[in-house]
1. Quick check on this structure: which one of A:Asp83, A:Asp74, A:Asp30 is within 14 Å of another protein chain (Cβ to nearest Cβ) and either without any contact (Cβ under 8 Å) to a residue 24 or more places away in the chain or more than 16 Å from ligand 2 (Cβ to nearest atom) (or both)?
2. Please verify whether A:Gly248 is at positive phi, open to solvent by less than 70 Å² (accessible area, probe 1.4 Å) and more than 14 Å from chain B (Cβ to nearest Cβ), treating the condition exactly as stated.
3. Any chance segment C:101-108 includes a residue that's within 14 Å of chain B (Cβ to nearest Cβ) and either open to solvent by less than 20 Å² (accessible area, probe 1.4 Å) or among the small types (Gly, Ala, Ser) (or both)?
4. Just to be sure before I move on: is A:Pro166 touching a helix residue (DSSP H, G or I) at 6+ places or on another chain (Cβ under 8 Å), touching a residue at least 12 places away in the same chain (Cβ under 8 Å) and within 16 Å of ligand 2 (Cβ to nearest atom) in the structure I sent?
5. How do the pairs read when you match residues in segment B:100-114 that are over 14 Å from C:Asn272 (Cβ atoms) with residues anywhere that are assigned to a helix (DSSP H, G or I) and open to solvent by less than 20 Å² (accessible area, probe 1.4 Å), using Cβ under 7 Å and keeping only pairs 6 or more apart or on different chains?
6. Identify all residues within segment C:118-135 that are over 18 Å from B:Val254 (Cα atoms), within 7 Å of chain B (Cβ to nearest Cβ) and open to solvent by 10 Å² or more (accessible area, probe 1.4 Å); write none if there are none.
7. Of these, C:Met252, C:Met236, which one is in contact with a Pro (Cβ under 7 Å, 6 or more places away or on another chain) and more than 9 Å from chain B (Cβ to nearest Cβ)?
8. Going residue by residue through segment C:53-75, is there one that turns out to be out of contact with any strand residue (DSSP E or B) (no Cβ under 8 Å at 6 or more places or on another chain), under 27 Å from B:Met154 (Cα atoms) and open to solvent by 40 Å² or more (accessible area, probe 1.4 Å)?
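The values are calculated or read from the model by the stated rules, or taken from the named source; none is laboratory data. The model shown is predicted, which means the values in this text are computed figures rather than measured ones. Backbone-built Cβ (ideal geometry, glycine too); neighbour counts: all protein chains shown. SASA here: full protein model, heavy atoms, side chains in, ligands and nucleic acids out. Shrake-Rupley method; radii C 1.70, N 1.55, O 1.52, S 1.80 Å.
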Amino acid sequence: MNKNNQKITIQNLILHYSDGTESLQDISLDIPAHAITVIFGPAGGGKSSLLRVLNRLNDLVDVVKLEGEVYLDDLDVLSPKTDVIALRRRVGMVFARPVVLPMSIQENITYGLEIAGIKDDQRLEDSLEKAALWEEVKDRLDDPAVTLSGGQQQRLCLARVLALEPEVILLDEPTSGLDPISTGKVEESLQALKEDYTIVLVPHSVQQAARTADYAAFFLQGKLIEYAPGNLLFTNPQDQRTQDYVEGRFG
Amino acid sequence: MDRDLNLGEMIITRLINIAGYSAIIFVGMIFYFLLREGLPTLNEVNFGNLVSNRWYPIEAYFGILPLLGGSLVITIGATLIAVPFGIGTAVYLAEIAPRWVREILKPLVEVLAGLPSVVLGFLGMLVLAPFLRKYLQLPTGLTAFTGSLLLGGMAIPTVVSVAEDAIDAVPKSYRDASLAIGATKWQTIWRVTLPAAKSGVTTAIMLGVGRAIGETMTVMMVSGNAPVLPGGIRALFKPARTMTATIAAEMGEVATGSVHYHVLFFIGMVLFLISLLINITASFVVFRQRQRQERILS
Amino acid sequence: MTDQKGTRVRYLKQRLGFRLLSSMAILTILPIIAVVIYIVIQGAPAISREFITGFPEDGMRAGGIWPAIVGTFYLTLGTAIFSVPLGIGAAIYLSEYAPQNRFTQMIRISIINLAGIPSVVYGLFGLGLFVLFLNFGTSILAGSLTLAIMTLPVIISTAEEALRAVPQAFRTVSISVGATKWQTIRRIVLPEALPGILTGVILGLERAAGETAPILFTVAAFFLPRLPNSPLDATMALPYHLFVISTQVPGMPIKIQYGTALVLLTFVLSMNIIATVIRSRARASRQW
Ligand SMILES: Nc1ncnc2c1ncn2[C@@H]1O[C@H](COP(=O)(O)OP(=O)(O)OP(=O)(O)O)[C@@H](O)[C@H]1O
Ligand SMILES: [Mg+2]
């Protein structure tokens, strides 16, 4: 892995919740730009926790211990001085459940833009286009967003993130509630998007991990077990635990 | 621009914090002003006088026992009405009534909560009191009993809404478990649901009692206003006078700073402490610390 | 066989029990309806343009009740001015900002206590603080402030409930696209909670409009045949006026008494109806 091409560098990251869960234990991981990095592993491994650190959404959670270093390019993500608002615009997040805001389709996209003080009509169409949703909604932009199907809603959530033109997109099991066809569409969009963005994906299955990963990191109970380019990790895992999990022997 | 944003955010957060603290400040201020105007009583009126059973301010008799007694009798009467009807209605609404009935009845209970007490007092005087006088063959219809009847009615919405919430909060699984072993719905209500909602129902009763003790205009208009220490059950059918009514009736005519004025504030202080006692106890039952434990989307 | 009989008895009991409870509910509700209908019937004949918009005459035994209507309107408005921002602010604090600790617990206990303090004690407090100590005199200002503190707990608790009902996920999403906490509250949480908040506000103000005891010593003028023209003026008010004409004025025509009761009831009940309508509308159109 070329060191200059790293978008995010994580060093010795430790995160404990107030209830005592040691959710991330000494994680070091570099995430490259213009690729899909997959974070996978069994439930409770700390995948979501890691993602939330990357855009400081963990500020909203009861975290008692947070140590180590996270850099986005040169920006010290964890520093208290960091402008989290600007950070969150650079690092967008799509959640497991498609959560559309209680407003129209169009307003869902423009919400983040208005707050950022951006007036750019083109972004609405562009972002919906990139999320492969434009054709389906272009005639009903003023409908309430809840009238969309689950798959459409999730693509709207992706478009909402894209509208802010972030550098990194975090996706936490974005297809867990979707049918195979919608899942396929989202995966297709991601493949197209990685040209321009850094993508960190928590997949909802090992199969999805294998399908999408340029790089893959296997997390188990708060520890990073193995991290390698996807084609290597899934065909020739170095760690027994990775192999067991990839081959479906536990998890 | 970010500077402005931060400043705005800071100011608004401050304001919201202050608003949040205001309730504590107000309770403190209310207590302070009652003490300030009420405590001089203890210097001006000797204790024996204060706890005697004669209330006749014109001749400087400030015995508050008859007033406490009046409040007590009327409140007990009101509670005896409000509790069975309030809880019965709450159970009916929460467990038995079909949806559409509930949709109609609940707003109506709210109407009762909103009826101005002076309107009820007015009707009590003009309609209920004459009716009771004739029917019960009393010398006057303006009695503690009349007050109890109306106050009981007025306390019902409080009891209903708190009790209904408590019953609603009982997990469905409790009921299902009971029904699954062959209990009828009726048995389930009495043996499972109500016991499970016990603390909430207790709170409902306490808040209902608090409502009755504090009610002013209605009692003043229908209870006959005789400051006589009640003795025995008969007292229910005689005129009585509560602490609240005394304040309302006499405060308008006293000179600011006079002994009588201080005594009225003193009574207000007693009322405040009673309601504090009731409500603090009730709120300790209420706090099962309803936490918002919805994890962030993951 | 006996088992079957036992079952029959149990269901018979249940039927009787349900009957009993539903009759209790009916006994609770019927008087309310009866009261409303009775006042409408008795009061309607008194209602005329002159009664509503006229001034009291002949020691209130004739003429209209316009000053009392206007007074109640001003008092309600004044109450709203103080209690609405404060109440909503406190509700936002409790729902969005308050940490879970003893201090917050104390705030909650204080709110429960405010709700339980007898209305006449509010009157004493208003007299002590606003009328005398701050020297506002018996005035709309003093009365509005007193009523505002009294209505706070109703507004706070309903508004907080409405705010809490807004799904947490909306907040997370809004923050994740770069909104600040306050932006999230103002643009997502408050609009979604608005119907619930409005319901609480109206129910609170309804109470304020109908209360007599807190205004006895803080605003109310026994008889003041002119309209108030400043917040520092005393004023007549409907509930107090009804009290006065039904207990203090000998030879008062009964028709005027019922007419006044009807106007007060209409004032209060229409607020109640508006609140109910807002709430049920909002429930029907909610997107979550
Ligand atoms: N807000 C929180 N407070 C306390 N503990 C938490 C919180 N969020 C997560 N945890 C705990 O931290 C550990 C890691 O959780 P995390 O959600 O990061 O795992 P995950 O790998 O995303 O799991 P899943 O596949 O189920 O989404 C778990 O043990 C979890 O219970
Ligand atoms: Mg997760």
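1. Values: A:Asp74 fails: within 14 Å of another protein chain (Cβ to nearest Cβ); A:Asp30 fails: within 14 Å of another protein chain (Cβ to nearest Cβ).
Exactly one residue qualifies, and that residue is A:Asp83.
2. Working: at positive phi: yes; open to solvent by less than 70 Å² (accessible area, probe 1.4 Å): yes; more than 14 Å from chain B (Cβ to nearest Cβ): yes.
Yes: the conditions hold for A:Gly248.
3. Yes, segment C:101-108 contains at least one residue that is within 14 Å of chain B (Cβ to nearest Cβ) and either open to solvent by less than 20 Å² (accessible area, probe 1.4 Å) or among the small types (Gly, Ala, Ser) (or both).
4. Details: touching a helix residue (DSSP H, G or I) at 6+ places or on another chain (Cβ under 8 Å): yes; touching a residue at least 12 places away in the same chain (Cβ under 8 Å): yes; within 16 Å of ligand 2 (Cβ to nearest atom): no.
Taking the combined requirement at face value, the residue does not satisfy it.
5. Here the result reads B:Arg102/B:Leu93; B:Leu105/B:Leu93; B:Leu105/C:Ala25; B:Leu105/C:Ile29, each pair linking segment B:100-114 to a residue that is assigned to a helix (DSSP H, G or I) and open to solvent by less than 20 Å² (accessible area, probe 1.4 Å).
6. Answer for segment C:118-135, where residues must be over 18 Å from B:Val254 (Cα atoms), within 7 Å of chain B (Cβ to nearest Cβ) and open to solvent by 10 Å² or more (accessible area, probe 1.4 Å): just C:Ser119.
7. One residue alone meets the criteria, C:Met236.
8. yes
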